[in-house]
Amino acid sequence: MKRRQTYETLPVLALLAVLLFTASEGQAQRTPFRVFLADKGPGVFAPGEPLYEQTLLQYHPNAIRRRTLAGMDPVLDELDRPIHDDYRKQVLAISDSLLSSNPWMNYMVVGLTQDEYDRVKALECVRAVSPANSISYRLTLPERCAPVPETFQSEMLRVGNVHELHDAGVFGQGARIGVIDNGFRWKAMSSLSHINVEDEYDFIHRRPITANQDNDVPLQDEHGSVIMSVAAAWYGDQVMGVAPFSTYLLAKSEDMRYERRIEEDLYVEALWWVERSGADISSSSLGYRFFDSTDAATPYELLNGSTTFPARAINIASQRGMICLTAAGNSGPSSRTIITPADADSALAIGGIALDGRSAWSNSSWGPSASGRQKPEFAAPAERVPVQQVNGLVGRASGTSLATPYVAAQVALLRQLYPAVHPSYIRQAMIEGSRFGRQTDSVLGHGALDVARAARILGPSIPEPATVITAGGMVVLAPIFAIDTLKPMLYQRANSSAPEIAIEGEYLLGDWYAFRLNEAYYDGNTAQVRIVAPSQATKRTAVYPPGAEGMLVKRAEVSIPCGMRIPSIIVSVDDKPEMLTQVRVAGMPLARHSRTFDLFGLDTTPLSVRITNAVTGATYACEMLGHDQDRLSVMTPSALSVGTWVLECRLPDAVVHCSLIVL
């Protein structure tokens, strides 16, 4: 939350004396006004009509798919109808100072002098004109709304059981997250340099870049950049985000020069843009209730879930199939301290907990809303959360601003696994998979979300599997999320026209199954495979890959999805059969408490070496002391205990695993 971020106290700039909206010298001062239009103009807005078809072209295919999944037919309705062009031109002919506009609310925010105000108000197409610093809504307004590696961040990821999905290679691939904040310096931050930002837009200055520019205050983009490291960081500087491989849409709407009501309008416009751009999920660590002395505060009785512009916008976006998450606020610990749009009927308001996953963060806001609705819905880490700052340093920060992108990214993990599931089912699985389940806590709502449990409740689902070579031959390793133990089958064939052989899966542990491929069903060095996993508990069936064609497997070639952690029960994995007899640990078995040993058979220096306990799954990074010809000297961080360990050497073009016995 901008006003009560606890990680740093920002100097308050004395900007009240600065005239933001001014014409050239000698002209009257312009003040921002909301211009509410009488209607959407004449004509029919329906499929086949030119305006409908032109508008449809502006929507991302994923927005259309999501709306169809939500039951919208046609996928655009009257709310999506653009502001009537003739009405827009009539207003802009009087004043060209357009600050914001939104078809959902059917209004424009325009800078007006007193004379311009009188002329705009007299237009037949204008229903009302009100100052942008006023509340502009009443309780009686109608509402159309239906009710990786181990890092010091690992503790945070375990609160929501994120690590179980990460270990299966699930990092949010394919899910689309819209983030609305004060700016994003993502290109300059090492932990965010990898992310896929499909689009970004600054709604304050009307430009396609959200990082600080010359006319921004120095720390304008700090808050948004920090929260992005919670959602999307990858390895860099010892931080790890929840959904680093999702697609992001970044919207800058919060102006750090002041706290004014026009920021609500920019927020609404940003949310509309995010929805139109095809986001599955929106995340905003912003909120509005109290403003600078120039603007009226919002009475708590208006935070009833369906009255404020931001709350109404979230309800509209949710009707269109987008899952909207927003911060509860940092004004606790007392009731009726949430802010809007956390009050929105359709919003998932996120409160804060400590890293133990149970204790409430002391400053987390809580409801209920003015209508009596339980708020927040869920909670996530908000106290001493590991983040990367815009200066590149890694530290800790606090606030529900950090909890919100955490849960939004958890939803992205679920969306990756279940791209066609209705949003209501995802919300229901989130409730059932949370700490308190269907019960609610007045401070934490349903509590922390166990995202792995939610994935199983929605199951079955099969993310991308791995193929490895073991002592028993070529094996496909597949994580399959389901609430019951399955009997999955792998179907292997040499090519698309060849007959299939059914191979029953062998349950390993956790969510993992192994399928041993048949050497007779290859076409040269390749084979096609598909996995089918029916669940007796849910009566649903998962298929990987989902299309008609199978997954191509190459003989004697290891393929491990990025970030996947091979289950520790697989204690002998190599990349090439011929390496199996060459790569070995000298002096096996090793003596108890050993820390150093030599590995023979590698002609390339690994990028990294780590060792995993085959029983506990605990993984530790190792130090490479030297590589001389084919001998690699390795030192573990501490003395090895008795048992079986798995050594992993990550090469530039391959990964080599071998077992290591300590007696």
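Going by the conditions given, is Ser659 in a strand (DSSP E or B), among the polar types (S, T, N, Q) and either modelled with pLDDT of 80 or more or more than 28 Å from Glu557 (Cβ to Cβ) (or both)? Criteria not met by Ser659. Do the conditions hold for Phe309, that is, is it touching a His at 6+ places or on another chain (Cβ under 8 Å) and at pLDDT 95 or above? In short, no. When the residues of region 524-542 are filtered to those that are in contact with a strand residue (DSSP E or B) (Cβ under 8 Å, 6 or more places away or on another chain) and within 19 Å of Ile457 (Cβ to Cβ), the one that is surrounded by the fewest Cβ atoms within 10 Å (Cβ to Cβ) is Thr541.
Restricting the first member to region 163-180 and to residues that are at pLDDT below 95, and the second to residues that are charged (D, E, K, R) and crowded, with 24+ Cβ neighbours inside 10 Å, the beta-carbon pairs closer than 7 Å and six or more apart or on different chains are Ala168/Asp511. Are any of the residues in region 229-243 open to solvent by 10 Å² or more (accessible area, probe 1.4 Å) and modelled with pLDDT of 95 or more? Checked against the condition, which is being open to solvent by 10 Å² or more (accessible area, probe 1.4 Å) and modelled with pLDDT of 95 or more, region 229-243 yields no hits at all.
Is it true that Pro218 is assigned to a loop (DSSP other than H, G, I, E, B) and touching a Phe, Trp or Tyr at 6+ places or on another chain (Cβ under 6 Å)? So Pro218 does not fit the description; no.
Suppose the filter is more than 20 Å from Phe184 (Cα to Cα), part of a loop (DSSP other than H, G, I, E, B) and among the aliphatic types (A, V, I, L, M); does Val411 pass it? Considered against the rule, which asks whether it is more than 20 Å from Phe184 (Cα to Cα), part of a loop (DSSP other than H, G, I, E, B) and among the aliphatic types (A, V, I, L, M), Val411 comes out as no. Restricting attention to region 433-447 and to residues that are of a type in the set (A, V, I, L, M, F, W, C) and within 16 Å of Gly372 (Cα to Cα), the residue that is surrounded by the most Cβ atoms within 10 Å (Cβ to Cβ) turns out to be Leu444. Taken together, Pro488, Pro479 contain a single residue that is surrounded by 15 or more Cβ atoms within 10 Å (Cβ to Cβ) and either among the polar types (S, T, N, Q) or within 27 Å of the chain's Cα centre (by Cα) (or both), which is Pro479. Only one of the listed residues (Pro463, Pro479) is in contact with a Leu (Cβ under 7 Å, 6 or more places away or on another chain), closer than 30 Å to Leu552 by Cα, modelled with pLDDT of 95 or more and not hydroxyl-bearing (Ser, Thr, Tyr). That residue is Pro463. Look at region 628-653: where a residue is closer than 17 Å to Phe600 by Cα and open to solvent by 30 Å² or more (accessible area, probe 1.4 Å) and a partner is hydroxyl-bearing (Ser, Thr, Tyr) and assigned to a strand (DSSP E or B), sitting 6+ places away or on another chain with Cβ atoms under 6 Å, you get Met635/Thr596; Arg650/Ser608. Going by what's in this entry, would Leu250 be described as part of a strand (DSSP E or B), closer than 30 Å to Gly71 by Cα and either modelled with pLDDT under 95 or open to solvent by less than 10 Å² (accessible area, probe 1.4 Å) (or both)? Taking the combined requirement at face value, the residue satisfies it. Against the test of being out of contact with any strand residue (DSSP E or B) (no Cβ under 8 Å at 6 or more places or on another chain), of a type in the set (A, V, I, L, M), surrounded by fewer than 24 Cβ atoms within 10 Å (Cβ to Cβ) and modelled with pLDDT of 95 or more, the options Ala420, Ala429 yield a single qualifying residue, Ala429. When region 295-311 is filtered for residues that are in contact with a Phe, Trp or Tyr (Cβ under 8 Å, 6 or more places away or on another chain) and open to solvent by 10 Å² or more (accessible area, probe 1.4 Å), the ones remaining, listed by number, are Ala297, Leu302.
Under the condition of being closer than 9 Å to Gly305 by Cβ, of a type in the set (Gly, Ala, Ser) and open to solvent by 10 Å² or more (accessible area, probe 1.4 Å), the residues counted in region 364-378 number 2.
Looking at Ser424, Ser371, Ser401, just one residue is touching a helix residue (DSSP H, G or I) at 6+ places or on another chain (Cβ under 6 Å), closer than 24 Å to Leu271 by Cβ and polar (S, T, N, Q), and that residue is Ser401. Of everything in region 34-49 that is in contact with a Pro (Cβ under 8 Å, 6 or more places away or on another chain) and farther than 16 Å from Leu123 by Cβ, the residue that is least open to solvent (accessible area, probe 1.4 Å) is Ala46.
The residues listed here are Gly395, Gly367; of these, the one that is over 20 Å from the mean Cα position of the chain (by Cα) and part of a strand (DSSP E or B) is Gly395.
The values are calculated or read from the model by the stated rules, or taken from the named source; none is laboratory data. Here the structure is a predicted model, which means the values were calculated and not measured. Because the Cβ atoms are built from the backbone with ideal geometry, glycine has one as well, and the counts that use them run over all protein chains shown. Heavy atoms of the whole protein, side chains included, go into the accessibility calculation; ligands, DNA and RNA do not. Shrake-Rupley method; radii C 1.70, N 1.55, O 1.52, S 1.80 Å.
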